[in-house]
Amino acid sequence: MKLNPELLLPAARALLVFAFGAALCWLLLKGAAYPVSAPEVLAFAAFLFVAARSPAVLRVLTALVLAAYCLYFPVGLRYGIVSEGQIAAAFATDAREASEFFGTFGALDFASPALLATGLALFYLFARRVRLFQSRKLFALALVLTAAASFETKAFHPLTHAVKLTNRVVAERANLKHMDWTPAWKVLSARPAYKNYVLVVGESERRDYMNAYGYPEDDTPFMSKAPGIVYEGFTAEGDGTIESLTRTLTLPDPKTLQPRYEYNLVDLARAAGFATAWFSNQGYVSRFDTPLTAIGERSERSRWLKFGRDASRNYFDYELLPLAEAELERDDPRPKLIVLHLIGSHEDTCERVSDRLPRVSRVKDPAWKTPGCYLDTIRQTDAVLERLRDLLAKKGEPWSLLYFSDHGLTLVRQRGVMRFLHSPVSRQQRDIPLFLTSSDAKEHRTIRGLRYGSSFLEGFMEWTGVSTRGIPRPRSLFLAPPDAPRAEDEKLRASRPDDPPADIQSH
Ligand SMILES: [Zn+2]
């Protein structure tokens, strides 16, 4: 077969232009930080090639899409595909945080979007001069096919993903705005016995898996021996984080137990003259986190680790400690309240286990790996509490540390693998730890009794020495007579399957 040199030259030129386009597409998709595949790059390049001669509307649209890819390129190379936390941060970031974020960028990072855009402009000029199709119908067909292939190979996924996340964040932020209330506390007096108060809110820890409550593994060496009080009988107000904590960190309606945000813990501490700080290793906005974010944001200082510059990274709870330390060191004559919201034993449990803290799991059976991690996370939460105690003691001012968990989990066999889950809900799911230690505590003791989460805020008042018009003489979480059992809750508990603590380590 004889090649026609008159056809060969334009074909070679078209191929060269396409290759240039493909190289640019590879860069763009790499910057969007989606695992890049060859079909994706080729489909995207083919679409851009054809679209160069498309009607103006489509070209403008394509240019906008490409501009988004170019601008995200330096961010994506560092932080991966856009995440909900990043978008939430972009909405809420102040000037200081923004300059902190871009401060880590080099000259090439700033120049890269412009360089890419220049490359794309050149590609466009070349591609416009290549006439691939004589017939308009063929051209339209090619346009549709390459666009479909681009969608199919997920070349547009980073963009659709970002749009979806943005919609979600906008909706959640609107919710957050609705959660604005006027504090209703009328503080009568505030006589805190200590200078520094730390409240640690744990996650998914069931007390019958803790050595401090008799579990035969050494997973809470600190809590088991530290001078202070281990309270056996604290009962969560729900089976999940939000349900429980909104009724624990506010003074719920005594009849309906619905949370009353105008009576929340942070506003109480502020009204009583405390310097307030809230540091969280949980999410910032999502339907799971929003009410707690709204409470935490009432603090004078607040920080969400999973928010902002590296939102997709997995943070360990001990990374909250430097924040607590800085807050302790901050010069302030007022008493301080520092709330730490841990990720604790939250699913995916094994992801929470750090190599930098002690572990206890000896589990060999792969089917029991997750329960082993559950014990490890309990051990590591205990280590975080111990380090907090060290920080407080180092500061040399009177201090008190209070810890509880939001709810427990239930051990379930799922497709042959043992996992701790929120449901099916067992009788033990609401059995949570409650532990107090302080600079003047002398001996370690355990107190047994029933205490509902809804009594927490009153106990918090007693702990911090605050009295209000509604509760002039708050009762202690630990020393007051036990709460009267609520018939509804007793019935609910009895109706649930028993899930006694399992011997995890024998597997
Ligand atoms: Zn939870």
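For the reader, a short list of remarks on this structure follows.
- Counting only strands (runs of 3 or more DSSP E) that sit completely within region 385-481, zero hold 1 or more residues that are among the acidic types (Asp, Glu) and within 16 Å of the ligand (Cβ to nearest atom).
- Selection over region 221-251 of residues that are over 17 Å from residue 296 (Cα atoms) and not aromatic (Phe, Trp, Tyr) gives a count of 17.
- Residue 424 surrounded by fewer than 20 Cβ atoms within 10 Å (Cβ to Cβ) and at pLDDT 95 or above: no
- Exclusive hit being surrounded by 15 or more Cβ atoms within 10 Å (Cβ to Cβ) and without any contact (Cβ under 8 Å) to a residue 60 or more places away in the chain, set 158, 113: 113
- Test: residue in region 336-350 that is more than 30 Å from residue 490 (Cα to Cα), at pLDDT below 95, more than 16 Å from the ligand (Cβ to nearest atom) and touching an Asp or Glu at 6+ places or on another chain (Cβ under 9 Å): yes
- Filter pass, residue 47 being among the aromatic types (Phe, Trp, Tyr) and under 25 Å from the mean Cα position of the chain (by Cα): no
- Among the conditions (1) within 16 Å of the ligand (Cβ to nearest atom); (2) surrounded by 14 or more Cβ atoms within 10 Å (Cβ to Cβ), the only one that residue 367 does not satisfy is (1).
- Whenever a residue of region 198-213 is of a type in the set (S, T, N, Q), its partners that are within 16 Å of the ligand (Cβ to nearest atom), lying with C-beta atoms within less than 6 angstrom and at least six residues away or across chains, give the pairs 204/344; 204/345; 204/346; 204/409.
- Candidates 370, 381, 276: the one that is touching a helix residue (DSSP H, G or I) at 6+ places or on another chain (Cβ under 9 Å) and over 23 Å from residue 407 (Cβ atoms) is 276.
- The combined condition, being acidic (Asp, Glu) and within 16 Å of the ligand (Cβ to nearest atom), is not fulfilled by residue 172.
The values are calculated or read from the model by the stated rules, or taken from the named source; none is laboratory data. Computed from a predicted model, the values in this text were never measured in an experiment. Note: ideal-geometry Cβ built from the backbone for every residue, glycine included; neighbour counts use all protein chains shown.
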